[in-house]
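Every number here is computed from the coordinates shown, using simple stated rules; none is lab data. As the structure is a computational prediction, the values presented were derived from the model and not from experiment. Quick reminder, even Gly has a Cβ in these numbers, built from the backbone with ideal geometry, and neighbours come from all protein chains shown.
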Amino acid sequence: MYIAIIGTGNVGGALAQGLSKAGHRIRLGVRDLEHFKGKNLLDASPDITVHPVREAVEASEVIILAAPAQAADQVARGLGDVAGKIIIDTMNGVFMRPEGFANTTDAILASCNTVDVVKCFNSTGFENMLDPQYGDLAADMFVAGDSVRGKTLASGLARDLGFGEVWDFGGLDKVSLLEQFALSWINLAIMQKQGRGIAFKVLRR
């Protein structure tokens, strides 16, 4: 599958590496082809290439947004025509959010021409995207949004990365809850100094 990733920091970089290892073709969409964060990603796999944003989007079936949360609407407007494409929103508006929006997913939906926008890969640290395995258990992943098509695809990509169960948080009305769930991980890992090597796993009797 051809996947465009917009945002080449820790999260975008981890997803690029993991998904390329799983056999996907990754197109990094950047504003400056010569100077961008994560340029070393090009050395990680021949399946990771760099392109102008709109070119990366046009040639991909799926777009992963991993940009700063407060710029979600601006980034979405810069994607060009995304009709029929799936957008996966990895961002969290828990500290800073796009002005006028309750969360980043709402901002994306209001700023581009696709309804297939879902929240996923936002609820844990990038280290767990690189390696979700904890002994015999794999960390779980979580997804939310109204697009069944988008949630199905995002869940498949999460499993490609090695995550265990993928739990459906619900529709768009649960996106802000999923962002708060991410804040729970941030609280434990960073604020409470438990370290970034922790992850969520849902257990069932």
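Computed values, structure above
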{"quantity": "Percent RCO, i.e. relative contact order, over segment 2-191, from Cα pairs under 8 Å lying at least 6 residues apart", "calculated": "18"}
{"quantity": "Assigned charges on the beta-carbon of Lys, Arg, Asp, Glu; the chain dipole about Cα centre (debye)", "calculated": "340"}
{"quantity": "Shape category assigned to segment 75-125 from the gyration tensor of Cα positions, a/c cut at 1.5", "calculated": "oblate"}
{"quantity": "V148-K39 pseudo-label distance in nm [points 7 Å out on the Cα-to-Cβ vector]", "calculated": "4.7"}
{"quantity": "Qualifying aspartates and glutamates (Cα of each under 20 Å from Cα of K174; at least 8 residues distant if same chain)", "calculated": "D73, D89, E99, D106, D116, D140, D146, E165"}
{"quantity": "Entries of K37/K193; K85/K151; K119/K201 with Cα pairs more than 20 Å apart", "calculated": "K37/K193"}
{"quantity": "Residue order, fewest to most surrounding Cβ atoms within 10 angstrom, among W167, W185", "calculated": "W167, W185"}
{"quantity": "Local net charge near D47, Cβ-Cβ under 15 Å (Lys/Arg +1, Asp/Glu -1)", "calculated": "0"}
{"quantity": "Protection-proxy order for peptides 27-37, 102-112, each taking the mean of Cβ atoms within 10 Å per residue, highest first", "calculated": "102-112, 27-37"}
